[in-house]
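The values are calculated or read from the model by the stated rules, or taken from the named source; none is laboratory data. Quick caveat, the model's predicted, so the values are computed rather than measured. For neighbour counting, all protein chains shown are included, and Cβ atoms are generated from backbone atoms with ideal geometry for every residue, glycine included.
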Amino acid sequence: MSSIFINGTQFRVSKTISSIGAISAITNAKNPVASAVTVPTDGDILVVNSGWPALDETVWRATAAAAGSFELEGADTTPQRLYPQGKGAGFFRKVTDWFSLDQIQDVQITGGEQQNYQYQYVEDPRSQQLQKPTFKTPVVLTFTLDYDRKKEWYGELIAADILKSPVVVEGVYPDGSVVYYYGFPSFNKNPVGGTNANLQNTFALSLRAETTTYDGAQ
């Protein structure tokens, strides 16, 4: 049994994501091998674009880098229904600079609710409704931060909001595990607040793909 509080979690946001490196192929495996002329360094945080929709725009840590190849640590591309053999080529970009978030009062994730198509058959004497899943609502990660124009994140988030290019957010939990989010940033530079309360800003990230989580060092 484990009990993990968010207290003490450290968050940072990608400031720079480097130029593209082409991936000519990705194997069907756990920790799949990506073939590339230019390879990252072990430990680099990568945004991967792939011909496989299930892998596209996901974030992974590079490992086992060698001449002409590297592994996507923690990925599992074995189900060929999701990852048809020979269709995974694409490209990668790596995070080369970060800025930290602090004075965070609250972190919330909303969305992801399963939607369903409901129907029933005329001939059914029970008039029983049936349903089948359709789509899930957009997932949004939202930070509430105490307003401070002198903080690095204030200016960086204004710039990110204007550019509207996806960013990576890293969260390191107190147990050492690390989670990566990738999505479109939105930041309201105008603080809000009431009597006897800190003025606050809101930073939201609309996710583009599933999150990636790594266990902490044992």
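Quick look at the numbers
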quantity: Positions within the range 1-57 being surrounded by 18 or more Cβ atoms within 10 Å (Cβ to Cβ), more than 30 Å from Leu145 (Cβ to Cβ) and within 15 Å of the chain's Cα centre (by Cα), in sequence order; calculated: Leu55
quantity: Strands (runs of 3 or more DSSP E) lying entirely in the range 89-140 (those with 2 or more residues that are exposed (fewer than 12 other Cβ atoms within 10 Å of the Cβ) and without any contact (Cβ under 8 Å) to a residue 24 or more places away in the chain); calculated: 114-119, 130-136
quantity: Elements of type strands (runs of 3 or more DSSP E) in the range 1-45, at least 2 residues being among the polar types (S, T, N, Q); calculated: 10-17
quantity: Residue in the range 75-89 that is under 16 Å from the mean Cα position of the chain (by Cα) and either within 23 Å of Tyr214 (Cα to Cα) or not assigned by TED's automatic domain parsing to the domain that holds Val172 (or both) present; calculated: yes
quantity: Test set (1) surrounded by fewer than 20 Cβ atoms within 10 Å (Cβ to Cβ); (2) assigned to a loop (DSSP other than H, G, I, E, B) - Ala65 fails condition number; calculated: (2)
quantity: Hey, Ser69 within 16 Å of Tyr182 (Cβ to Cβ), small (Gly, Ala, Ser) and in contact with a strand residue (DSSP E or B) (Cβ under 9 Å, 6 or more places away or on another chain) or not; calculated: no
